[in-house]
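> What follows is a single structure, and I will ask about it in a moment.
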Amino acid sequence: MSKKKIKVLTLGDMPLSTSGVANQSKLMIEALLNTGKFQIVSLGGAIKHKDYKPIRTEEYGEDWTVFPVEGFGSPDMVRSIIRNEKPDICWIMTDPRFYDWFWQIEDEIRPLLPIVYYHVWDNYPYPKFNRKWYLSNDVICAISKLTEDIVRTVTPEVECHYVPHATKTETFKKFPQQDINNMIKDNFPDWDSKKFIFFWNNRNARRKMPSSIMWWFRDFLDDVGHDKALLLMHTDPYDINGPNLQANVEELKLTDGQVLFSRAKLAPQTLALMYNMADCTINISDAEGFGLSTLESLACETPIIATMTGGLRDQVTDGTNFFGVGIEPASQAVIGSQMVPYIYEDRVCKKDFIDALHKMYSMPKKERDLLGKMARQHVLNFFSWKEYGERWVEIMTKIHRRYGSWDTRKNYKSWTFEEAA
């Protein structure tokens with residue numbers, strides 16, 4: 001008689017979509033399923049669906065069912081799934097602002113099964129307002145060292161693990177020059193191979209600072225020559241969440257090949273080839289929980305320029321060596337909302353950014369290639385897909401053993417003793 005599989009309910013971005021959250025969710029899910037010891041039920045949200053029929057993949061069949069949902073789900077939907085599917089663990093991922101409705105029914109969920117929260121938080125000060133949400137979980141896994149420090153400081157009584165994001169290093173790697181040349185020929189027939197290439201791969205959104213990058217890049221070109229470098233932006237220049245980037249190009253008179261847009265959705269291997277053809281990848285977001293594009297770049301042996309904030313800090317340096325240029329914020333604005341009363345928003349200054357461009361541009365190729373090899377080793381040491389998958393299998397297995405579920409539920413109390421004032 002076969003042993004019963006551990007069933008995990010996941011909530012987050014649609015795991016079959018292309019967002020960073022979806023990417024990391026899928027890596028975790030596949031790692032569990034590949035052991036043959038787990039089953040997965042996913043509520044796939046955060047995108048507009050064509051229909052809401054349950055989805056199963058050919059590879060995993062009945063072991064993985066995805067239910068498309070609006071938003072991230074609802075209390076009644078979670079109640080229904082828990083009662084019908086009887087999962088052993090509930091795993092959630094993304095910003096806590098999206099889960100207040102979920103934690104409000106934790107008293108219904110946690111007596112039956114443990115909640116594991118894969119947590120992202122971008123910056124200090126310590127968010128004491130998150131304490132009530134952190135206490136609503138059995139285990140919190142942090143995507144960055146900053147997030148880990150925040151969780152351990154705000155709620156030291158909650159079990160916490162550092163589990164950084166990862167990338168598939170067998171896909172994102174150094175390719176032979178001929179493969180890169182073929183990709184350029186097929187996609188960029190007018191390409192000038194003599195130019196130094198700065199690559200920017202992000203959603204066109206305000207916090208990613210795309211307009212600032214373009215305006216400051218123009219000033220950099222004024223220094224080195226407009227025929228010496230180009231900025232390749234893999235993004236939608238007309239995304240409603242960001243500025244009209246084509247209008248910026250025209251205003252800055254960067255219409256002679258200084259800025260190029262790559263707008264099509266690309267297969268991972270094609271995207272890896274784009275990192276390979278670049279000399280440096282840029283990410284100076286004012287808030288960044290992790291930033292997968294820079295990690296993919298490092299895995300391809302392409303150094304980065306990144307703000308020393310959030311998860312970017314973990315990537316650009318190991319504490320001793322730098323794998324590109326890390327830019328310390330020149331200022332920190334305190335912003336907030338009704339749900340997030342305060343958080344730092346890191347801003348780099350124009351001079352520091354242009355200095356970073358000059359540093360990478362003037363670095364001898366041999367030195368930059370050596371930096372790239374060190375960067376990939378850094379990824380293999382701390383952010384590999386294999387390590388990520390093994391870590392999740394270990395954590396989820398131990399959670400099931402330690403906390404149990406349903407008839408075996410343990411180490412959870414729905415009440416506490418407090419002294420009267």
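> Taking the stretch 323-344 on its own, how many of its residues are of a type outside the set (G, A, S) and touching a Pro at 6+ places or on another chain (Cβ under 9 Å)?
So the answer is 9.
Conditions tested, residue by residue: (1) closer than 24 Å to E394 by Cα; (2) modelled with pLDDT of 95 or more; (3) touching a His at 6+ places or on another chain (Cβ under 9 Å); (4) surrounded by fewer than 19 Cβ atoms within 10 Å (Cβ to Cβ).
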residue: D13; (1), (2), (3), (4): yes, no, no, no
residue: T18; (1), (2), (3), (4): no, no, no, yes
residue: K37; (1), (2), (3), (4): yes, yes, no, yes
residue: I55; (1), (2), (3), (4): no, no, no, yes
residue: G73; (1), (2), (3), (4): no, no, no, no
residue: R79; (1), (2), (3), (4): no, yes, no, yes
residue: P87; (1), (2), (3), (4): yes, yes, no, no
residue: P111; (1), (2), (3), (4): yes, yes, no, yes
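> If I filter the stretch 170-178 for residues that are over 19 Å from K351 (Cα atoms), surrounded by fewer than 20 Cβ atoms within 10 Å (Cβ to Cβ) and among the hydroxyl-bearing types (S, T, Y), do I get at least one hit?
Yes, the conditions are met somewhere in the stretch 170-178.
> Looking at E418, E387, E394, E367, which one is at pLDDT below 95 and either within 29 Å of I143 (Cα to Cα) or part of a helix (DSSP H, G or I) (or both)? If you could, list the steps in order and put the result at the bottom.
On the way: E418 fails: either within 29 Å of I143 (Cα to Cα) or part of a helix (DSSP H, G or I) (or both); E394 fails: at pLDDT below 95; E367 fails: at pLDDT below 95.
Step by step, each of E418, E387, E394, E367 is checked, and only E387 is at pLDDT below 95 and either within 29 Å of I143 (Cα to Cα) or part of a helix (DSSP H, G or I) (or both).
> Also, quick follow-up: Which pairs have Cβ atoms under 6 Å, sit 6 or more apart or on different chains, and link a residue in the stretch 256-273 that is more than 19 Å from N23 (Cβ to Cβ) to one that is part of a strand (DSSP E or B)?
Q258/L230; V259/L231; L260/L232; F261/M233
> Moving to a separate point now. Here is a check on your reading of the model: is D227 free of Cβ contacts under 8 Å to residues at least 12 places away in the same chain and not polar (S, T, N, Q)?
no
> Kindly indicate whether K7 is surrounded by fewer than 20 Cβ atoms within 10 Å (Cβ to Cβ) and under 23 Å from V393 (Cβ atoms).
yes
> Another question about this same structure. Of all the residues that make up the stretch 113-138, how many are hydroxyl-bearing (S, T, Y), touching a Ser or Thr at 6+ places or on another chain (Cβ under 9 Å) and buried (at least 16 other Cβ atoms within 10 Å of the Cβ)?
So the count comes out to 3.
> Could you list, ordered by first residue, the pairs with Cβ atoms under 6 Å in which the first is in the stretch 58-74 and in the same structural domain as P87 (by TED's automatic domain parsing) and the second is of a type in the set (D, E, K, R) and at pLDDT below 90, at least 6 apart or interchain?
If the second residue must be of a type in the set (D, E, K, R) and at pLDDT below 90, no pairs are left.
> Given the structure, is K253 surrounded by fewer than 20 Cβ atoms within 10 Å (Cβ to Cβ), in a loop (DSSP other than H, G, I, E, B) and modelled with pLDDT of 95 or more? I'd like the intermediate steps shown before the answer.
Numbers: surrounded by fewer than 20 Cβ atoms within 10 Å (Cβ to Cβ): yes; in a loop (DSSP other than H, G, I, E, B): yes; modelled with pLDDT of 95 or more: yes.
Yes.
The values are calculated or read from the model by the stated rules, or taken from the named source; none is laboratory data. Only a predicted model underlies this, so the values are computations on that prediction, with no experimental measurement involved. Note: ideal-geometry Cβ built from the backbone for every residue, glycine included; neighbour counts use all protein chains shown.
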